[in-house]
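So the structure is just underneath, and the comments pick up after that.
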Amino acid sequence: MKLISGIKAWYSKYERPISSLALVGGFVWNALFLKRVDLFWENFWVVLHLLIVGVCILFINKLENQQKLGIIHKSKEKIHFWLVTIMQFTFGGILSTYLVFYFRSSALSVTWPFLVLLAVAFIANERFKSHYHKLNFQISIFYLAIFSFTIFFVPVLVKKISGMVFLLSGIVSLVLVWLFLRLLKKFARERLGEHLKVLVPSILGIFFAINILYFFNLIPPIPIALKDGGVYHDVYKNDMGQYTLLDEPRSWLSYFDQRDTVHIVSGDYLYAYSAIFSPASFRTDIVHEWQYYDSSTKSWITASVVPLSISGGREGGYRTYSKKSNITEGKWRVNVKTKRGQIIGRLRFITSLVYSKPEMIIKNAEE
């Protein structure tokens, strides 16, 4: 017991740096080792964290309920401390996992509101440990974690994404949190009864907020992700069946450019190449939306929309392309989108008209 008390005193003294280091380290670990949202161990990792958090919430509130009723022994206060600490670290692990998964499926310029929501929850988890004593705070973060999981897990199970599948994900999340509250009632009936009038609006508020973000196409189209893409002078399959890309030579400094400059002869085609990951046995339709920037109206004008189909399972993504002629000089972009309009990724470039074809190099697409 002295050893445990000593560890608690040491941890309490250095809690902030330990917590910050652990959360950053966990985020880096997840970014390096969590690969695909459709793999068993990745989902097992998330479910295990959710179960640990759920158990911690149950026993934290059981102890606080006993304290309210005056039937708690003082020795159990130490258990309460460690339950809150474990719950905080586990929440951090879940939220950092979601940040990694959703970031890979996002175009930041479009889906940043949802990523900001996850990031705020991630930071709040680290900064506001004292709030974990409040049942409403616990359940709100827990429900956000459940809904964020069902958003990508349900499409993996049914092997498609659509508005109806998203609504199904939301219904599943509500059923899960309702079942959890039913279980919590058995552990802390009085405490739950006191907070229920606040909990229900809080859960429904998160539910409707995420639905609004989704139907305004502000949530990444997870589990789909753009693995590779670019705009080239030609895209074709060589004799070995490998995708070959015809590009202009570029220096290593071009890596830092937001937009590549593409030199094109008037009337020639440009090709938009994309490799899109989706889970195994997953089939869906996407579009390549070619747009140019109209400086007079300061707006993006759609020049053409090319529908394409993709299938899932390939680690490097399903490779496909579209082409466009009559390219004018100026800023262009190709939005790689789901059929209902969610942005999977954006290919940005600037065109410069020339009188003769530029020097070309042949590149092979990643296998």
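When only alpha carbons of region 226-367 are considered, Rg and Dmax amount to 15.2, 47 Å. Computed from label points 7 Å out along Cα-Cβ, the spacing between residue 348 and residue 328 is 2.1 nm. Rolled with a 1.4 Å probe across the full set of protein chains, the surface gives residue 104 an accessible area near 80 Å².
When 360, 164, 240 are compared by accessible surface with a 1.4 Å probe, the order from highest to lowest is 240, 164, 360.
For residue 260, the residues 5 or more places off, or on other chains, whose built amide H falls under 5 Å of its own are 350.
With every protein chain in place and a 1.4 angstrom probe, the accessible-area ranking of 226, 199, largest first, reads 226, 199. What the Cβ-Cβ distance of residue 240 and residue 208 gives, at R0 = 51 Å and to the nearest 0.05, is a FRET efficiency of 0.45. Of the cross-linked pairs 298/331; 323/357; 78/186; 159/323; 160/324, those separated by over 19 Å at the C-alpha level are 78/186; 159/323; 160/324. Cross-link partners for residue 363 among the aspartates and glutamates, with Cα-Cα distance under 19 Å and sequence neighbours closer than 8 places in the same chain left out: 228, 234, 239, 247, 248, 260. Counting charges near residue 166 (Lys, Arg +1; Asp, Glu -1) among other residues having Cβ under 14 Å from its Cβ returns a value of +3. Note on surface exposure: 237, 331, 298 rank 298, 237, 331 by accessible area, highest first, 1.4 Å probe. Counting other Cβ atoms within 10 Å, which chymotrypsin sites (Phe, Trp or Tyr not before Pro) in region 178-269 have at most 15 and lie in a DSSP loop? In loop regions of region 178-269 (DSSP not H, G, I, E or B), the sparsely surrounded chymotrypsin sites (Phe, Trp or Tyr not before Pro) are 216, 269.
A simple packing score, the average count of other Cβ atoms within 10 Å per residue, orders the peptides 343-355, 52-64 as 52-64, 343-355, with the highest score first.
The values are calculated or read from the model by the stated rules, or taken from the named source; none is laboratory data. Computed from a predicted structure; not experimentally measured. No Cβ is skipped: glycine too gets one built from the backbone with ideal geometry, and neighbour counts run over all protein chains shown. Surface accessibility is based on the protein's heavy atoms, side chains included, excluding ligands, DNA and RNA. Shrake-Rupley method; radii C 1.70, N 1.55, O 1.52, S 1.80 Å.
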